[in-house]
Structure formats: structure tokens, C-alpha cells
1. Can you tell me which residue within the stretch 55-69, out of those that are at pLDDT below 95 and touching an Asp or Glu at 6+ places or on another chain (Cβ under 8 Å), is surrounded by the fewest Cβ atoms within 10 Å (Cβ to Cβ)?
2. Tell me which residues, restricted to the stretch 32-54, are buried (at least 16 other Cβ atoms within 10 Å of the Cβ) and of a type in the set (D, E, K, R).
3. Could you figure out which of (1) part of a strand (DSSP E or B); (2) aliphatic (A, V, I, L, M); (3) at pLDDT below 85 isn't true of residue 19?
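The values are calculated or read from the model by the stated rules, or taken from the named source; none is laboratory data. What you see is a predicted model, and the numbers here were worked out from it, not measured in a lab. Cβ coordinates were reconstructed from backbone atoms using ideal geometry, including for glycine residues, and neighbour counts include every protein chain displayed.
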Amino acid sequence: MLNIDILQDLYKKNKKCGLGTGIQIVTAEDGSWNVFIDLFNTDYEGKIFDPVDIHKSSNNWVRCFKENQIFKGFGGTENLEDILEIFNKWLNNREAQISKLAQQY
């Protein structure tokens with residue numbers, strides 16, 4: 001499933017329950033990406049997420065973690081897809097592939 005499809009599916013499920021803050025994808029003043037995905041009342045709210053911290057350069061970096069039932073992903077100007085890919089792999093129990101992604105940096 002494509003990363004955007006995962007987000008749309010999760011949003012549809014969350015919207016039905018009428019709770020949570022949904023999904024937010026914003027850019028910071030420095031051009032970096034900030035992604036917040038509320039997992040409250042989903043099958044994933046209690047799932048453990050091992051933080052990811054990858055830094056290759058000032059514009060090529062990713063930091064993802066889960067805090068208070070919210071997946072939080074931050075990255076450089078070219079790393080939105082990486083953040084969404086990490087979330088997708090975690091959601092689909094492919095954590096080993098996250099490690100491989102980190103090795104590409």
C-alpha cells in the first residue's frame with residue numbers, strides 16, 4: 001500500500017470515531033517537515049515504536065518517535081517521503097526494514 005493510502009485509510013477510521021487530532025503535515029520556518037499522526041483509539045495506540053534518528057546533513061535528516069499516542073516525524077526539506085515510509089513500515093510490522101532505510105544514509 002502506498003504511504004498516502006495508509007494515511008487516508010487511518011484518517012477514515014479515526015474520523016468515524018470523532019476523536020483525536022487527526023493527521024497534520026506542516027513545514028517549519030526552516031523548511032523542515034513536521035508530521036503528527038494521532039493514534040488515539042486505533043489498533044496502534046499501544047504499539048511500541050523504537051525511535052529513529054538519522055542525520056546525514058543539515059538538509060537530509062529524519063527523527064521519528066511516538067509520544068502520548070502520537071507518531072511524530074521530523075525531517076529535512078527532502079525527507080517527507082522518508083518520514084511517511086518509516087510510519088508505513090512500522091504500521092505494517094516491518095521494523096527491520098526501517099533499520100535498512102537508516103543504513104542507506
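1. So, considering only residues that are at pLDDT below 95 and touching an Asp or Glu at 6+ places or on another chain (Cβ under 8 Å), the one surrounded by the fewest Cβ atoms within 10 Å (Cβ to Cβ) is 59.
2. Of the stretch 32-54, the ones buried (at least 16 other Cβ atoms within 10 Å of the Cβ) are 32-33, 35-39, 42, 44, 49, 52, 54.
Correct list: 38 only.
3. (1)
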